[in-house]
Amino acid sequence: MGQGSWERHLEQVETLMKGLPFWKTALFGVQCLRRLEPVYERLCVGREWGNAKGMHRVVERFYQAIPTGYAIGGRYLAIIEDSAVVPTEDWDVLAAEYVENAERLLEVFEGKDKKAGRELAERNLEFLYTYLDFEATGYTGLHPLMAAEMDFQRQLAEELRGVENRDKRDFVQRCRETAVASILQDAWFRDYPDYKPVRRKKAGPGSDGLRFRTAHQIACVKDRDYNLCWESDARRFQALEDYRASPYYGAPPMETLPPALEGTSIGVHMFAKGKYRDFYESICFRYSARAQELYLKGADMGEVLKALHQAGESAILSTRLWRAEGRQGDRPYWGYQHTGVYYAMLIYRYDEAEQMIRDGETAYARLLWHLLTGDRSGAEVLLPQCKEEADGIYRGTDCRMAEALCTGDASAIRAAAVKYLRAIRAMESLYCEVFPMPLILSLRAAASAGHAVRPIEVSELPAALLCVESPFEAATDRPFGAELVERALP
């Protein structure tokens with residue numbers, strides 16, 4: 001399809017919608033979204049992320065809001081955010097776009113943006129273009145499906161232009177009751193598999209509508225470059241164990257490796273050559289990935305805790321080595337919010353966290369340390385700085401949590417935790433948090449202070465990590481080579 005016909009069509013829609021009251025723009029957006037709904041419903045079959053019933057409730061709420069003008073409410077945003085799709089197959093992109101379009105339409109409702117007609121129309125064209133890019137790559141000219149969608153939008157805009165405001169309720173009800181054809185009509189993906197229906201897990205009674213979704217998180221984590229491949233991690237760890245059993249383990253660092261070690265993993269090379277800081281920065285990722293894999297696949301929690309403890313100790317060793325080397329280069333860290341101080345606090349090493357705080361940390365990390373060590377007054381002093389540094393990525397939920405923790409209001413702490421979880425899940429298309437350390441530590445701090453926060457039953461908050469007393473076996477769950485490297489540390 002040529003860019004010219006696309007632009008001409010959108011200009012026509014924009015002209016037809018110009019000057020119309022907001023309710024007509026809103027109805028135009030809902031009708032466009034309904035064109036995508038049958039596609040989303042079919043894509044939901046057999047997929048854990050599928051939430052066709054929930055998303056249909058959102059569409060119904062849109063219809064109810066148009067004639068009344070009432071605010072839609074946060075529970076419907078929660079449905080949209082909890083229905084986020086991380087594409088693992090080509091066709092999943094359309095499901096993700098449908099959910100994103102619904103969220104954008106909710107923003108249009110909240111802002112009463114009567115100039116959004118063109119954008120809403122273009123989102124449908126982009127949705128269809130995504131499908132045609134997969135299934136009609138050899139087609140030239142204006143595809144019949146694209147022509148049909150443009151006709152639908154023009155006719156709808158023309159009809160809306162002719163409706164009197166006094167007929168608003170009747171017209172909205174008629175649109176609601178009239179079936180809307182799928183944007184794909186009878187077309188579909190040629191290689192689409194026969195997914196077997198699955199029962200969608202309902203949210204637990206203590207989850208505020210947030211599902212416990214480990215399978216969804218597995219898809220998210222495997223799709224991210226920072227965790228690469230669990231199978232290759234298993235080979236790395238086996239290579240290290242083979243090295244431990246060799247006569248070279250414990251020898252002084254070698255500039256040139258013997259032939260027996262040349263063909264082994266990069267981790268063995270770094271350790272044998274004495275590049276300990278690089279080694280522990282790397283192995284921290286691997287232990288963390290192992291913990292995520294074990295947890296998401298339902299392994300024994302003791303094994304999960306062991307891997308997490310090894311990751312945390314690796315972060316501590318890496319930071320101590322950086323400090324011992326005169327703080328040369330960047331301070332070790334392992335991704336957004338995965339800094340040494342959070343790893344240290346996660347495994348209850350508050351003494352090491354104190355040292356890291358002296359090296360410089362965010363106000364929120366310092367506030368958590370003060371609370372976890374029983375210094376409430378020290379935490380309260382940091383509140384103004386926490387407000388200044390409120391995290392935009394997580395919608396400022398860290399600031400809300402800081403205030404709630406300092407006031408000791410259990411219901412406010414829980415409300416902030418739910419908002420934090422929703423912000424985390426809204427980010428899953430970019431980044432997946434299996435163990436959201438700042439949130440886990442916040443709820444642990446609440447428990448340490450004796451605040452009775454009602455549990456939130458979701459996969460991101462394993463109960464073992466929220467306990468006041470450490471569940472880790474610190475003496476035995478050490479990372480590879482720790483006993484050797486610590487001898488050389490001050």
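The values are calculated or read from the model by the stated rules, or taken from the named source; none is laboratory data. As the structure is a prediction and not an experimental result, all values here were calculated from the model. Don't worry about glycine lacking a Cβ; one is built from the backbone with ideal geometry, like all the others, and counts go over all protein chains shown. Please note that ligands, DNA and RNA were not included when accessible areas were found on the heavy atoms of the full protein model with its side chains. Shrake-Rupley method; radii C 1.70, N 1.55, O 1.52, S 1.80 Å.
Screening region 349-390 for residues that are among the basic types (Lys, Arg) and closer than 24 Å to Trp322 by Cβ and picking the one that is most open to solvent (accessible area, probe 1.4 Å) gives Arg358. Residues in region 6-25 that are touching a Lys or Arg at 6+ places or on another chain (Cβ under 7 Å) and not in a helix (DSSP H, G or I) were compared, and the one that is most open to solvent (accessible area, probe 1.4 Å) is Pro21. Annotation: of all residues in region 30-88 being hydroxyl-bearing (Ser, Thr, Tyr) and closer than 24 Å to Glu177 by Cα, the one that is nearest to the chain's Cα centre (by Cα) is Tyr76.
Residues that are in a loop (DSSP other than H, G, I, E, B), of a type in the set (Lys, Arg) and either buried (at least 24 other Cβ atoms within 10 Å of the Cβ) or in contact (Cβ under 8 Å) with a residue 40 or more places away in the chain (or both) within region 297-348 comprise just one, Lys297. If you go through region 237-268 and keep only what is over 23 Å from Ile316 (Cβ atoms) and not in a loop (DSSP other than H, G, I, E, B), you end up with Gln238, Ala239, Asp242, Pro259, Ala260, Leu261, Glu262. Counting only helices (runs of 4 or more DSSP H) that fall entirely inside region 401-490 and contain at least 2 residues that are under 19 Å from Glu313 (Cβ atoms) and either open to solvent by 10 Å² or more (accessible area, probe 1.4 Å) or not small (Gly, Ala, Ser) (or both), the qualifying elements are 437-448, 482-485.
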